[in-house]
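Peer 1: Here you go, one structure.
The values are calculated or read from the model by the stated rules, or taken from the named source; none is laboratory data. Predicted, not measured: the structure shown is a model, and the values here were computed from it. A quick note on method: Cβ atoms are made from the backbone with ideal geometry, for glycine too, and the neighbour counts reach across all protein chains shown. The accessibility values were calculated without ligands, DNA or RNA, using every heavy atom of the protein model including side chains. Shrake-Rupley method; radii C 1.70, N 1.55, O 1.52, S 1.80 Å.
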Amino acid sequence: PLKEINCDEASQTLKRLDEIWVKSDEKINLGISGKSFEHIVEANQEHKLRKACQRAKSVIFTSMETSQRPESVKLFTHRPKNELLHRVWSRFSVKFARQSCVLVVGDSSDDIPMVKEGDMFVLKKIQPEGKFSVTEASNVADFVISDLKSLKSLILVHGIWNKRSMTQMVYFFIYKNLLLTLIPVLHSLSSGEVDIYSPLNDLMYNAFFTFFFSLSIGCFYTGYNRLEILRNPSLYQERRNRIDTSVVQLSLWCASAIIHAIIIYGFGYLAFGEGVVANGRVAGSLDFGSYLFLVVVVTVCMKLVSSSLVEKLSMFRL
C-alpha cells in the first residue's frame, strides 16, 4: 500500500507521521511532499521519518525545493558523532564508520549540494546532439552515465568486482607476508638464529617475486562474470562479502599461513637437519634459507591458484 504524507498544516503532518511510525510491522511505499517534509524538519521529528523510510519498500519525495534535497539525503546517512572517541573509533572500524552508504543520482549542477550529504554521486549526463560537455556536476561526480540502465551494472557488476578484488588482494597480501615472517620465527625457536633469508630475497619478495600476483588480483580478479551477476543480483549480499564476516575470512587466511609455515619449515628442517646435502658437502644457513624462500614463493603462487579454483567451484554450486 502507498502511504502519503501530504498536508498543508504542521499539526496534520505530524499526526499523519505518528500514524505511520506507530505501525512498525507494516511494509509500505511512502510518499512525502516538500511542504510536509519542511514541517517535520521544523518540529525535529526526523528520527520518526527516518524509521518510517527504513521500513518502507520505496520512498518518493515530491515537490522538493533545491534547499530541501540535502536534508532528505541526511535521513539515510549515519555519520559518527562529533565526540573524539567516536571519530577515532570510526577510523579503525569499517562497520562503525560505514553504517550506511548512500548513492546520490542527479542530472544537473543543482544536485551538487546533495552530494555533500551522500557517499557517492552518479551523474546522469544529458548529452545534447550526442556531444559530451564538461560541467561542474561532471567534475564533482564519482561516475558519469548516459542512461539509467547503466546504473544497474555500475552498482551490481562493478560493485561486486570491486569488493571481491579489494578483499582478496588485502587477504593475499597479509597471507604472503605472514608466511614469510613466520619462517624466521620458527627458525629462531629451533636454533636461536633469526636471519635466514638473504637481504636481496627480503628486498625482492614484495617488490618483484609476488608483486605481479598481488597486482593481478587487484586488476583482474572478479569471482563472477557480468551475466552471472545480472542474473543473480543476490550475489551482492552474499555472506562472504559482508563486513561482519570479514574477521572469519581473515582468520582463515591467517590460519593457512601458520599451517603452511609449520609444514614448510618442518620438511626443510628434516631435509637439512643432518647438514649434508650431497657428495659430503655441508649445507649452511644460506642453502637452508634459499630453499625455504623458494618454497614460500611457490606456496604463495599455489595459494592464489587454489583460492581461484575454490571460487569457481562455489559458482557451480550456485
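Peer 1: If we keep just the residues of the range 1-44 that are open to solvent by 70 Å² or more (accessible area, probe 1.4 Å) and in a strand (DSSP E or B), which is nearest to V73 (Cα to Cα)?
Peer 2: E4
Peer 1: Right, something else. How many residues does the range 219-231 contain that are modelled with pLDDT of 75 or more and surrounded by 14 or more Cβ atoms within 10 Å (Cβ to Cβ)?
Peer 2: Going through the range 219-231 one residue at a time, the tally reaches 7.
Peer 1: Among (1) over 30 Å from L294 (Cα atoms); (2) in contact with a helix residue (DSSP H, G or I) (Cβ under 6 Å, 6 or more places away or on another chain), which single condition is N162 missing?
Peer 2: (2)
Peer 1: Mind checking which pairs have a first residue in the range 32-48 that is polar (S, T, N, Q) and a second that is in a loop (DSSP other than H, G, I, E, B), Cβ under 7 Å, 6 or more apart or different chains?
Peer 2: Close Cβ pairs (under 7 Å, with a partner that is in a loop (DSSP other than H, G, I, E, B)) amount to S33/N6; S33/S63; S36/N6; S36/C7.
Peer 1: Within the range 130-192, considering only helices (runs of 4 or more DSSP H) that don't extend past its boundaries, which have at least 2 residues that are surrounded by fewer than 14 Cβ atoms within 10 Å (Cβ to Cβ) and either small (G, A, S) or touching a Lys or Arg at 6+ places or on another chain (Cβ under 7 Å) (or both)?
Peer 2: Numbers: elements: 136-140, 149-152, 158-191.
Ranges flagged: 158-191.
Peer 1: Look at the range 45-68 and say how many of its residues are touching a strand residue (DSSP E or B) at 6+ places or on another chain (Cβ under 8 Å), of a type in the set (V, I, T) and surrounded by fewer than 14 Cβ atoms within 10 Å (Cβ to Cβ).
Peer 2: 2
Peer 1: Tell me whether the range 305-315 contains one or more residues that are modelled with pLDDT of 80 or more and of a type in the set (K, R).
Peer 2: Within the range 305-315, none of the residues are modelled with pLDDT of 80 or more and of a type in the set (K, R).
Peer 1: Residues that are more than 24 Å from L230 (Cα to Cα), open to solvent by less than 30 Å² (accessible area, probe 1.4 Å), at pLDDT 80 or above and assigned to a helix (DSSP H, G or I): does the range 112-123 have at least one?
Peer 2: yes
Peer 1: Kindly check whether there is at least one residue in the range 261-284 that is at pLDDT below 60 and surrounded by 14 or more Cβ atoms within 10 Å (Cβ to Cβ).
Peer 2: Yes - at least one qualifying residue is present in the range 261-284.
Peer 1: Moving on. Looking only at the range 193-215, decide whether some residue is more than 21 Å from S256 (Cβ to Cβ), of a type in the set (S, T, Y), open to solvent by less than 60 Å² (accessible area, probe 1.4 Å) and touching a residue at least 40 places away in the same chain (Cβ under 8 Å).
Peer 2: yes
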